[in-house]
Amino acid sequence: RKQAPYRPTQLERAHASHLLVTYFNTPVDTDDNAEMRVSGRDAVPFLTTSGVERSLLRLIWSVADPESVGTLTVRSQFHTLLRLIAMAQAHFLPPLPSAPESGPQYINQLNEALLQNAHLIIAIPTFNAETNPPSVAYLLGTYRSPPPPPTPISYGFGNSGSMDAGTTCGSLQKSHAFTGNNGADVDISRMLTNHDLQHQMWQNYQQQRQSEGDSMGSS
């Protein structure tokens, strides 16, 4: 059975659009099923600057290109490719098999990892080819796409004791907005695939709890 493509966040979609425009001469399109063409030959020089092993990159490409066409023909394939590279950089993928004949089995493991970790917040992939990578504000303000249905996000901060797993950050969502290049406010609270922004949200929550504690102590 063919696996459904990975559904990117708005930030991931914006980052993919930026890479396609900048490095692969592909126009912007917000439709994940829109046609495009990125050949493996053209992609390899850029993808290898991710720092991910070539052997792993070949297997990741096989996940994005299951029919072994050698060319990614729809944008959703590119989203899958970038997500798996980001997972590799964040050490969310199983270890590479030592035997080459284990490749097909490992591809299945990559598909499972992609599906099982689809809900996780993972930083967008980085490439050394980007000597001046764009900011999150630039990406979201320049490559805008329709927002997904509003749903609360739960963040767990492990054993830090400052925020329990499953705590809803609804009150924090309202404060994470910036003005895009077109002058419109863009809410980025639901697009946190950037670790710096996630840490900023955690710091804001800490400050909010401290302020509430001070208020209770003085009353």
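Computed from the coordinates by the stated procedures, all read-outs in this text should not be read as laboratory data. Source: prediction; values computed, not measured. Please note: Cβ atoms are built from the backbone with ideal geometry, for glycine as well, and neighbour counts cover all protein chains shown.
Kindly rank 12-20, 83-91 from highest to lowest mean number of other beta carbons found within 10 Å of each residue.
12-20, 83-91
Take every Cα-Cα pair in region 14-140 and report what % of them are more than 20 Å apart.
Here the long-distance tail beyond 20 Å is 43 percent of all Cα pairs in region 14-140.
Whole angstrom only: what separates the Cα centroid of region 69-110 from the Cα centroid of region 1-54?
Centre-to-centre (Cα) distance: 13 Å.
What is the spin-label model distance, in nm, from GLN207 to SER55 if the labels are put 7 Å beyond Cα along the C-beta direction?
It is 4.8 nm.
Please find the FRET efficiency linking THR73 to THR48, where r is the Cβ-Cβ separation and R0 is fixed at 25 Å, and quote it to the nearest 0.05. Could the numbers behind the result be given before it?
Numbers: r = 22 Å, r/R0 = 0.87.
Plugging the Cβ-Cβ distance into 1/(1 + (r/R0)^6) gives 0.70.
Compute the FRET efficiency between THR142 and ASN108 as 1/(1 + (r/R0)^6), taking r as their Cβ-Cβ distance and R0 = 41 Å, and round to the nearest 0.05.
0.65
Pop out the ³J(HN,Hα) list for region 45-59 in order, Karplus 6.51 cos²θ - 1.76 cosθ + 1.60 with θ = phi - 60°, rounded to Hz; leave Gly and Pro as x.
Computed from phi, the couplings for region 45-59 are x, 7, 5, 5, 7, 6, x, 7, 4, 4, 4, 6, 4, 4, 6 Hz.
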